[in-house]
Structures are given as structure tokens and as C-alpha cells.
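Everything below concerns the one structure shown next.
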Amino acid sequence: MRKIALLGATGSIGRQALEIVEAHPELELVAAASGSQDVTRLAPLTQVGGDLTELLDRAEPDIVLNAVVGFAGLPATLWALERGVTLALANKESLVAAGDLALAAQRRGGGSLLPVDSEHSALHQCLEGRGPESVESLVVTASGGPFRGKTRAELEDVTPAEALAHPTWSMGPKITVDSATLANKGLELIEAHFLFGLPYDRIEVVIHPTSVVHGLVRFRDGAALAHLGYPDMRVPISYALTYPERAATPVPSLDLAAGLTLEFSAPDLETFPLLSLARSAGERGGTYPCAFNAANEVAVAAFLDGRLPFLGIADAVADVLAAVDGAPARDLDDLVEADAQARRLLEPVA
Ligand SMILES: NC(=O)c1ccc[n+]([C@@H]2O[C@H](COP(=O)([O-])OP(=O)(O)OC[C@H]3O[C@@H](n4cnc5c(N)ncnc54)[C@H](OP(=O)(O)O)[C@@H]3O)[C@@H](O)[C@H]2O)c1
């Protein structure tokens, strides 16, 4: 039996994770948490909001599936990594914000960090534990979101409803807007850097509209291994919860005979500047990725509330990155302060 603590149980990932857990008798849900919605009937131990590490202390899980959205997921990520408890990580924001601290916690704890993000799950599967020395580069694919092919001028009056209409994935509102701005791919670029230990100039992002190829690893011998499948988060969730077993899921495998064409192109960095901003925040290191994430969270919330135009999200993030010093965080207090400082800078729009 594997005891699972599911954080963010009421969200898009959380609900799909419940389906996976219910289908597998060897997975036992011991704890569930949400931010505000009722979860009392989901698991023996539950918590709504507050410090989720209190729930984890009581639950003593074998696996923490962190599917909380945003920086709020950080304490749970560090709790699992520090204790060597397997972390199935959907909450990319915590690894982006706390990368160095999170990896140091993992080294001390000695446990596994299994990505749930589909692209990183794909890369993890293609790599099969091989280190950066055998890899030429990693390729993270992006659907391009609902505004692929648009110009900046066409995006000036985009509404939240238009940004929330994702072409291939059905997800929570924050990540759906991040997909429309390509901030999500920026977060994933930084996430890939910390997960797989490659420098940024060896991590590419390509647009692939149908989201069939989730990730691709170019090896130094000239071979490239890709991971293919219909876009369905139950596959990477199941992979992380049952690793290394690869338990069955109800997701059909690809119908190749129906005619499958794979298209790839370069991202439009002029129309979607958040991808370049994320790359530069990642390359500068320190707390720049934390500031990128915090500013993006505040700006996305303001856009969804109608207080900021769509193009204003990137402007807000650029302003914050220009204003902070990005000094490395020595500890969690430093990191929490870097996050708070970035949020304070956006108080006028928050
Ligand atoms: N959805 C996807 O397909 C997908 C794919 C890859 C990665 N991810 C990542 O997975 C994470 C979750 O995404 P999602 O789409 O599932 O988001 P979502 O549908 O908005 O769900 C977010 C979950 O987090 C909970 N939550 C929010 N604030 C919290 C807090 N302060 N403390 C405890 N719980 C809190 C919410 O609880 P309430 O419902 O009570 O507010 C909800 O259960 C994000 O980091 C996202 O980037 C998602």
C-alpha cells in the first residue's frame, strides 16, 4: 500500500488524481486538502487552508501529491523534500520560486521528486535517470494556447473568457491564463532546469499545437527520444503515483492509423514576451525566478478580475524584474521576503 496525501484535491489535477487513486487498490488516500472548498468526505484526514504541513505531519504519507496552485504550495514541497517523502509535483510554482533551496532539501532528505507536469513527466521518462552529460538538449513542447498566431495588436482587448478557452488542455484558471501568455512555458523552462540539471541554453521550447508530443530529449549520440500521447493529465499523475510500475489508465493509446501529423514551430517571443522574461530570470538566478513567479501570480489575478489588460501581465512582470535585486535566498525567510517584495511592487494593480 502507498499512502497518498493529496493537496489541492478540489482542483483540476486534484480531481483527476482522485480518479487514479480510486482505480488502484494499492493507493490509499490518507489526507486531502484544499484552499477553501469542503474536503471532509474525501479522506480520513483533511484540512482547508492554513499551514498544510500540519496535515502532512499527522498523515505521515508515503507520497505527497502537491497540486496546490501558486506559491502557497511551497511549504508542502519543502516538507516532503526535507523528509525524503516522495514528492509528486504538479505545483511547479514552488520549484520555480525555491529551486536551489528545494534541491538542497532534496539532497538532505534523499527522496524522489517525480514531476506531474506532463512535459517534465515526459522528459523524466525519456531520460530514464540518465544525467546531463549524455544529453545535448531538452525540448519542452507548448500548444501555443488560444492566441497562437495572433499579433500583439490583436491581443490588446482580449477578455478573461477568451484567455480561459484553451485549445487542448482543460485546467484551472491560473495555469490556463499562463498558457495563453506562455508564462506557463517560462515556468516550465525554469522547472526543467532545476529538475534535470541542464543549463538554460540546453533547454528549448517549441510550439506544437496538438499537444501529442509532450517532451523530447536530444542525446549526444544524435538520437532524439520523444514521449507521445493524447493530452490527458491522468497519464502523468498515474505515472508519478505508481512509479516505476506504470499502472493501467483508461486513457486510449494513440490511433496512428487515423493519420497523425506532428507540427512544430518556434515560439513568437515578440507577442509572448513572458517566455523570454522567464528565461532571463532563470539565467540570472538568485531570487529572480521567485520574483517572476510572484509578479505573474499577482498580474494574472488582476487580469482575471478585470483590473489589468492581457498585455499588462507581461508589462507588470517586466517592471518587477527590473526593480528587484534578485539576491539569492539563504533560507526560506529570504525567499518569502523576495516573494512578498515582488507582490508589494504590484500593489497598485493587485
Ligand atoms: N490542470 C492541469 O492540467 C495542470 C497541468 C500541469 C501542471 N499543473 C499545475 O498543478 C497545480 C494545480 O493546477 P490546477 O489546474 O489543478 O489548479 P486549480 O484547478 O485552480 O486547483 C487549485 C487547487 O489548489 C487549492 N488551493 C489554492 N490555494 C490554496 C492554499 N492556499 N492552500 C491549500 N490549497 C489551495 C484549491 O483549493 P480550492 O478549490 O478550495 O480553492 C484547488 O484544490 C498548478 O501549480 C498548475 O500549474 C496543472
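The values are calculated or read from the model by the stated rules, or taken from the named source; none is laboratory data. No experiment lies behind these values; they were computed from the predicted model shown. Methodologically, a virtual Cβ is constructed for each residue, glycine included, from the backbone with ideal geometry; neighbour enumeration extends over all protein chains shown. All accessible areas refer to the heavy atoms of the entire protein, side chains included, with ligands and DNA or RNA removed. Shrake-Rupley method; radii C 1.70, N 1.55, O 1.52, S 1.80 Å.
With the requirement that a residue be open to solvent by 60 Å² or more (accessible area, probe 1.4 Å) and not in a helix (DSSP H, G or I), what does region 253-264 give you?
Scanning region 253-264 gives SER253, ASP255, LEU260, THR261, LEU262, GLU263, PHE264.
Among the listed residues ALA31, ALA5, which satisfies the condition of being over 30 Å from ALA183 (Cα atoms) and either small (Gly, Ala, Ser) or modelled with pLDDT under 95 (or both)?
Numbers: ALA5 fails: over 30 Å from ALA183 (Cα atoms).
When all the criteria are applied, what remains is ALA31.
What pairs can you find where one residue is in region 211-233 and farther than 20 Å from THR261 by Cα and open to solvent by 10 Å² or more (accessible area, probe 1.4 Å), the other is among the small types (Gly, Ala, Ser) and in a strand (DSSP E or B), and their Cβ atoms are less than 7 Å apart, with a gap of 6+ or different chains?
ARG218/SER137; ARG218/ALA224
Consider region 283-309. How many of its residues are in contact with a Phe, Trp or Tyr (Cβ under 7 Å, 6 or more places away or on another chain) and open to solvent by less than 10 Å² (accessible area, probe 1.4 Å)? Talk me through it step by step, then tell me what you get.
Our first condition is that a residue be in contact with a Phe, Trp or Tyr (Cβ under 7 Å, 6 or more places away or on another chain); within region 283-309, this holds for 283, 293-294, 297, 303.
Next, only the ones that are open to solvent by less than 10 Å² (accessible area, probe 1.4 Å) stay: 293-294, 303.
So the answer is 3.
Can you report the number of residues in region 188-222 which are over 23 Å from VAL300 (Cβ atoms), within 11 Å of the ligand (Cβ to nearest atom) and part of a helix (DSSP H, G or I)?
Residues in region 188-222 being over 23 Å from VAL300 (Cβ atoms), within 11 Å of the ligand (Cβ to nearest atom) and part of a helix (DSSP H, G or I): 0 in total.
So, LYS185, is that one within 16 Å of the ligand (Cβ to nearest atom), open to solvent by 10 Å² or more (accessible area, probe 1.4 Å) and either at pLDDT 95 or above or part of a helix (DSSP H, G or I) (or both) or not? First the steps, then the outcome.
Details: within 16 Å of the ligand (Cβ to nearest atom): yes; open to solvent by 10 Å² or more (accessible area, probe 1.4 Å): yes; either at pLDDT 95 or above or part of a helix (DSSP H, G or I) (or both): yes.
Spelling it out, LYS185 is indeed within 16 Å of the ligand (Cβ to nearest atom), open to solvent by 10 Å² or more (accessible area, probe 1.4 Å) and either at pLDDT 95 or above or part of a helix (DSSP H, G or I) (or both).
Any residue that is within 13 Å of the ligand (Cβ to nearest atom) and either closer than 21 Å to HIS124 by Cβ or polar (S, T, N, Q) (or both) - is there at least one of those in region 47-56? First the steps, then the outcome.
Applying the first criterion (within 13 Å of the ligand (Cβ to nearest atom)) to region 47-56 yields 47-56.
Next, from what is left, pick out any that are either closer than 21 Å to HIS124 by Cβ or polar (S, T, N, Q) (or both): 47, 53.
Yes, some residue in region 47-56 is within 13 Å of the ligand (Cβ to nearest atom) and either closer than 21 Å to HIS124 by Cβ or polar (S, T, N, Q) (or both).
Between a first residue in region 52-73 that is closer than 11 Å to ALA31 by Cβ and part of a helix (DSSP H, G or I) and a second residue that is within 12 Å of the ligand (Cβ to nearest atom) and open to solvent by 10 Å² or more (accessible area, probe 1.4 Å), which pairs have beta carbons less than 8 Å apart while being 6 or more apart in sequence or on different chains?
Listed pairs, sorted by first residue: LEU52/VAL68; LEU52/PRO75; GLU54/GLN47; LEU55/THR46; LEU55/GLN47.
Answer yes or no: is there a residue in region 56-64 that is under 22 Å from the mean Cα position of the chain (by Cα), closer than 24 Å to MET171 by Cβ and open to solvent by less than 30 Å² (accessible area, probe 1.4 Å).
yes
Scan region 92-114 and give yes if some residue there is open to solvent by 40 Å² or more (accessible area, probe 1.4 Å), more than 20 Å from HIS193 (Cβ to Cβ) and not in a helix (DSSP H, G or I), otherwise no.
Taking every residue of region 92-114 in turn, at least one turns out to be open to solvent by 40 Å² or more (accessible area, probe 1.4 Å), more than 20 Å from HIS193 (Cβ to Cβ) and not in a helix (DSSP H, G or I).
Pairs, please: C-beta under 7 Å, at least 6 apart or cross-chain, first residue open to solvent by 30 Å² or more (accessible area, probe 1.4 Å) and in region 8-28, second assigned to a helix (DSSP H, G or I)?
Once the first residue is open to solvent by 30 Å² or more (accessible area, probe 1.4 Å) and sits in region 8-28, its partners that are assigned to a helix (DSSP H, G or I) give ILE13/ILE237; GLN16/ARG234; GLN16/ILE237; GLU19/ARG234.
Can you tell me which residue in region 30-44 is surrounded by the fewest Cβ atoms within 10 Å (Cβ to Cβ), limited to those that are in a strand (DSSP E or B) and within 14 Å of the ligand (Cβ to nearest atom)?
Within region 30-44, the subset in a strand (DSSP E or B) is 30-34.
From what's left, within 14 Å of the ligand (Cβ to nearest atom): 31-34.
Working: ALA31: 25, ALA32: 29, ALA33: 29, SER34: 22.
Selected residue: SER34.
Residues being open to solvent by 30 Å² or more (accessible area, probe 1.4 Å) and either over 19 Å from the mean Cα position of the chain (by Cα) or of a type in the set (S, T, N, Q) (or both): count how many of those fall in region 268-280.
So in region 268-280, the residues open to solvent by 30 Å² or more (accessible area, probe 1.4 Å) come out as 268-270, 273, 276-277, 279-280.
Next, from what is left, pick out any that are either over 19 Å from the mean Cα position of the chain (by Cα) or of a type in the set (S, T, N, Q) (or both): 268-270, 276, 280.
The number of residues fulfilling the criteria is 5.
For VAL177, are the conditions met, namely being open to solvent by less than 30 Å² (accessible area, probe 1.4 Å), in a helix (DSSP H, G or I) and in contact (Cβ under 8 Å) with a residue 24 or more places away in the chain?
On the way: open to solvent by less than 30 Å² (accessible area, probe 1.4 Å): yes; in a helix (DSSP H, G or I): yes; in contact (Cβ under 8 Å) with a residue 24 or more places away in the chain: yes.
So VAL177 passes the test.
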